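The values are calculated or read from the model by the stated rules, or taken from the named source; none is laboratory data. Not measured: the values here are computed from a predicted model. Here the Cβ positions follow ideal geometry from the backbone for every residue, glycine too, while neighbour counts run over all protein chains shown.
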Amino acid sequence: MKFLMLCREARLYSCQRLKNAAEKLGHQMDILDPNRFLLKLEQNAPHFSLYYQENHDAKPVLLSEYDAVLPRFGTASTQMGCAVLRHFAAKSVPCLNEAAAFSSARDKWQSLQLLQQAGIAVPPTAFVGKEFEAQDSVSLIGSPSVLKTLTGSQGIGVILAEKPQSAVSILETLTETNVPVLLQEFVEEAHNADIRCFVVGDKVVATMLRQSKAGEFRANFHRGGSAQSIQLSDAENAIAINATKALGLDVAGVDLIRAKTGLLVLEVNASPGLELIEKTNGADIASQMIKYLVRKIVGKN
């Protein structure tokens, strides 16, 4: 089969792992930048055409057919990347995370709403309107609190405000610069640790406990955090699987946090990285993703 991966940085570990896994299983994979696509709607068949421009000096090339698409693009490419996914969906080409699900996961507030709607516990969170008083917003959430921009990854756009006035100041600054922001209750009893679950289909294929470095509350690897393998109970695994399904995703990185009230879902990532969790668990997640994608193609036919 011939697959297409949508990613701006083909050299990244996750992209190379997935490409190598596909090739070992006898498939072909191209890695293309979604921002270099031109999508065209036509009256005559095939109706949906895709052109790709390798660089500014290259002539656009009409792309051949693909059996499936894997989205691995970052937040800066969400709009165009999802447009490409919808274009392929219109051609009945399976995507390993459809555009609507991918887009929902990228919006932190919308994803939390969908999780809550599905009965999945999330930290107390508020989405603040521009005209709502910052002081009142902070009072309703309490202190310390975490402020998060609606988009962002690898811990970027996540700020801990230990005192109410700090939260008010940050919130006012972000609101004034037209940056939509969430206010979230800080789960102090988690001790700056969270759990990443990697879900493929209806199975948790790997888990790890991430711990922040000294002086940092974000446990992300890119912020200096460390990781170790961890075993979860069936009930805990079920939370990660249900969170993935609530957003309509095939593949997800589900971040959990242990609070006094029980396990909470912090975030669901539609394009989770493979490097740290594969190396921590010794798991071949890339091959499991490719095999799942093949089953999805076969099921469609």
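Side notes on the structure shown:
- Residue match in the stretch 267-275 (condition: of a type outside the set (S, T, N, Q), part of a strand (DSSP E or B) and in contact with an Asp or Glu (Cβ under 6 Å, 6 or more places away or on another chain)): yes
- Of all residues in the stretch 95-117, those satisfying the criterion of being surrounded by 21 or more Cβ atoms within 10 Å (Cβ to Cβ) and in contact with a strand residue (DSSP E or B) (Cβ under 8 Å, 6 or more places away or on another chain) are 95, 96, 97, 102, 105, 108, 111, 112, 115.
- Only one of 107, 67 that is touching a His at 6+ places or on another chain (Cβ under 9 Å), acidic (Asp, Glu) and over 17 Å from residue 273 (Cα atoms): 67
- Of all residues making up the stretch 60-82, the number that are within 17 Å of the chain's Cα centre (by Cα), small (Gly, Ala, Ser) and either modelled with pLDDT of 95 or more or part of a helix (DSSP H, G or I) (or both): 3
- Taking the numbered list (1) touching a residue at least 12 places away in the same chain (Cβ under 8 Å); (2) of a type outside the set (Gly, Ala, Ser); (3) outside any helix (DSSP H, G or I) in turn, residue 20 passes all entries but (3).
- Filter result for residue 189 (closer than 23 Å to residue 239 by Cβ and either part of a helix (DSSP H, G or I) or without any contact (Cβ under 8 Å) to a residue 60 or more places away in the chain (or both)): yes
- Sole exception among (1) surrounded by fewer than 17 Cβ atoms within 10 Å (Cβ to Cβ); (2) in a helix (DSSP H, G or I); (3) among the hydroxyl-bearing types (Ser, Thr, Tyr) for residue 151, by number: (2)
- Residue count, the stretch 11-37 (criterion: surrounded by 14 or more Cβ atoms within 10 Å (Cβ to Cβ) and within 19 Å of residue 88 (Cβ to Cβ)): 14
- Restricting attention to the stretch 260-301, the residues that are touching a Pro at 6+ places or on another chain (Cβ under 7 Å), surrounded by fewer than 18 Cβ atoms within 10 Å (Cβ to Cβ) and not charged (D, E, K, R) add up to 1.
- In the stretch 160-185, the residues that are surrounded by fewer than 19 Cβ atoms within 10 Å (Cβ to Cβ) and either under 28 Å from residue 226 (Cα atoms) or hydroxyl-bearing (Ser, Thr, Tyr) (or both): 160, 162, 163, 166, 169, 173, 175, 177, 185
- Selected residue (criterion: farthest from the chain's Cα centre (by Cα)) from residues of the stretch 102-130 that are assigned to a loop (DSSP other than H, G, I, E, B) and modelled with pLDDT of 95 or more: 119
- Output for the stretch 18-37, where each listed residue is among the aliphatic types (A, V, I, L, M) and closer than 16 Å to residue 73 by Cβ: 18, 29, 31, 32
- Residue count, the stretch 103-139 (criterion: β-branched (Val, Ile, Thr) and either within 15 Å of residue 267 (Cβ to Cβ) or out of contact with any Ser or Thr (no Cβ under 8 Å at 6 or more places or on another chain) (or both)): 3
- Any hit, the stretch 29-43, residues being assigned to a loop (DSSP other than H, G, I, E, B), out of contact with any strand residue (DSSP E or B) (no Cβ under 8 Å at 6 or more places or on another chain) and free of Cβ contacts under 8 Å to residues at least 24 places away in the same chain: yes
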